[in-house]
Structures are given as C-alpha cells and as structure tokens.
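**Q** A single structure is presented below for examination.
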Amino acid sequence: MKQQLTAYIKGIIDVSEEELTTILSHFKPLTPLKNEVLLTHGQTSQRTFFVGKGCLRILFINENGQDATRYFAFENQFATALISFITRQPSEEFIQAVEDTELLYINHTDFHHLLEIVPPWEKFYRHYLEGAYVNNTNRLMTFITLDAKERYRQLLQENPAIVQRLPNKIVASYLGISQETLSRIKSKI
C-alpha cells in the first residue's frame, strides 16, 4: 500500500527520496471492517486517511435521524472530516468504512510537522484543499441546479463506482433522495 501512496504523492509533488521516506514514515496502517466507524459526531478529527483498498464515506445525521452522505473515498483517494481537522473543533461528521478497507493514515500533529520539515508537502496540502473545495462546491451546485434524476445521471457518468459498488441505501443518501425515489429513477433509465 505504501507503493500506492508513493505513486499518488509523486503524481502531485516533486520530492527527493529522503523527503519521500520522511513523509511515508509518518503514515500507519489501519484495516477497518465493513461498517466500522472511524470518527463520530462530536469527536475532533485527528487523522487523514489514504484508501489503499475499499471505501470510506463521510456523512452527517440530519435532524430526522437520517444519514446524508457528503463524500466517498475509494482506492487512491484521501479522506478526513476536513473542517474538524483544520479547526480542531468537534466534528459534525462521521467517517465510516463502507467495505472492508485497507488504509494508511497520518495524524494531525505529524501532518502539520511535515508542513514544517518537507517544503513540497505544502504544495501537496494546497492540492488537497483545492480538490476538496472544488468537490464540495460542485456537490452543492448539483443540489441547487439539478433534479434527482439529473443528479443520478451525472453520478453514473462521473463516478459509476458509487452505483456499482455500494448499496442503494447509501447511493440514495449521497443523492439526497429516498431509496424509493432512487428505485423509480433507476427503473426509468
């Protein structure tokens, strides 16, 4: 899995072998089982995860007790409850393994230590933050500008793995619709 992370990092920043070794030394393995919760509402996000295999989802529980999925991280993607990770405030989000998952994680202290000792890590972090901003803004725009059927079509086009790998209940949670509505949409497409 460190080879996956190495390839990912080298695809974003230029690092010396020494810098890369330093970065990798701060990542530790974790293998949560399907449905295992890695962060709950009210905890402060202490870790950023790199997915080697499997899937993480970041979700909220709304006032009606229903989950609303904000983000999925599949292989070769990073995930964290970013607002909590940045602000050091309790998280409004949960992080859950949706499948048996293999992760590498770095804790908050080590992540910020790398910003001080490995100059290219600053560019990596900027890339990560920019990607998160673009993703979240695009998600918000789809909820404002597209109806449920259009959101589903866009999801099939842009990220079919979500529909192919995950249960309808979780897909519906991501699209902001009921399972019944998702079933009706699927039957028409």
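The values are calculated or read from the model by the stated rules, or taken from the named source; none is laboratory data. Keep in mind the model is a prediction, meaning the values are calculated, not measured. FYI the Cβ positions are ideal-geometry reconstructions off the backbone, even for glycines, and counts take in every protein chain you see.
**Q** Of all residues in the range 159-185, count the ones that are out of contact with any strand residue (DSSP E or B) (no Cβ under 7 Å at 6 or more places or on another chain), part of a helix (DSSP H, G or I) and either closer than 22 Å to residue 97 by Cα or modelled with pLDDT under 90 (or both).
**A** Count: 11.
**Q** Further question on the same structure: Identify, by number, the condition in (1) closer than 27 Å to residue 118 by Cβ; (2) in contact (Cβ under 8 Å) with a residue 40 or more places away in the chain; (3) of a type outside the set (Val, Ile, Thr); (4) surrounded by fewer than 20 Cβ atoms within 10 Å (Cβ to Cβ) that residue 66 doesn't meet.
**A** Only one criterion in (1) closer than 27 Å to residue 118 by Cβ; (2) in contact (Cβ under 8 Å) with a residue 40 or more places away in the chain; (3) of a type outside the set (Val, Ile, Thr); (4) surrounded by fewer than 20 Cβ atoms within 10 Å (Cβ to Cβ) is unmet by residue 66, namely (1).
**Q** Right, something else. Of the numbered conditions (1) surrounded by 15 or more Cβ atoms within 10 Å (Cβ to Cβ); (2) free of Cβ contacts under 8 Å to residues at least 12 places away in the same chain; (3) not charged (D, E, K, R), residue 87 fails exactly one; give the number of that condition.
**A** Result: residue 87 passes all but (1).
**Q** Among what's in the range 1-14 and is at pLDDT 95 or above, surrounded by 14 or more Cβ atoms within 10 Å (Cβ to Cβ) and in a loop (DSSP other than H, G, I, E, B), pick the residue that is nearest to the chain's Cα centre (by Cα).
**A** Applying the filter and picking the extreme gives 12.
**Q** Test residue 154 against the stated conditions and say whether it is in contact (Cβ under 8 Å) with a residue 60 or more places away in the chain, surrounded by 13 or more Cβ atoms within 10 Å (Cβ to Cβ) and polar (S, T, N, Q).
**A** Against the criterion (in contact (Cβ under 8 Å) with a residue 60 or more places away in the chain, surrounded by 13 or more Cβ atoms within 10 Å (Cβ to Cβ) and polar (S, T, N, Q)), residue 154 does not qualify.
**Q** So, in the range 88-116, of the ones that are acidic (Asp, Glu) and in a loop (DSSP other than H, G, I, E, B), which residue ends up farthest from residue 170 (Cα to Cα)?
**A** 92
**Q** Within the range 51-87, can you find the residues that are among the charged types (D, E, K, R) and either touching a strand residue (DSSP E or B) at 6+ places or on another chain (Cβ under 8 Å) or outside any loop (DSSP other than H, G, I, E, B) (or both)?
**A** Listed by number, the residues that qualify are 53, 57, 67, 70, 75.
**Q** Additional query: Under the condition of being under 14 Å from the mean Cα position of the chain (by Cα) and more than 21 Å from residue 3 (Cα to Cα), which residue from the range 98-120 is surrounded by the most Cβ atoms within 10 Å (Cβ to Cβ)?
**A** My answer is 98.
**Q** OK, next. Within the bounds of the range 120-138, is there any residue that is more than 27 Å from residue 171 (Cβ to Cβ) and in a strand (DSSP E or B)?
**A** Looking for residues that are more than 27 Å from residue 171 (Cβ to Cβ) and in a strand (DSSP E or B), one finds none in the range 120-138, hence no.
**Q** Given the conditions (1) exposed (fewer than 14 other Cβ atoms within 10 Å of the Cβ); (2) aliphatic (A, V, I, L, M); (3) touching a residue at least 24 places away in the same chain (Cβ under 8 Å); (4) over 30 Å from residue 2 (Cα atoms), report the number of the one that residue 161 does not fulfil.
**A** (4) is the only condition that residue 161 fails.
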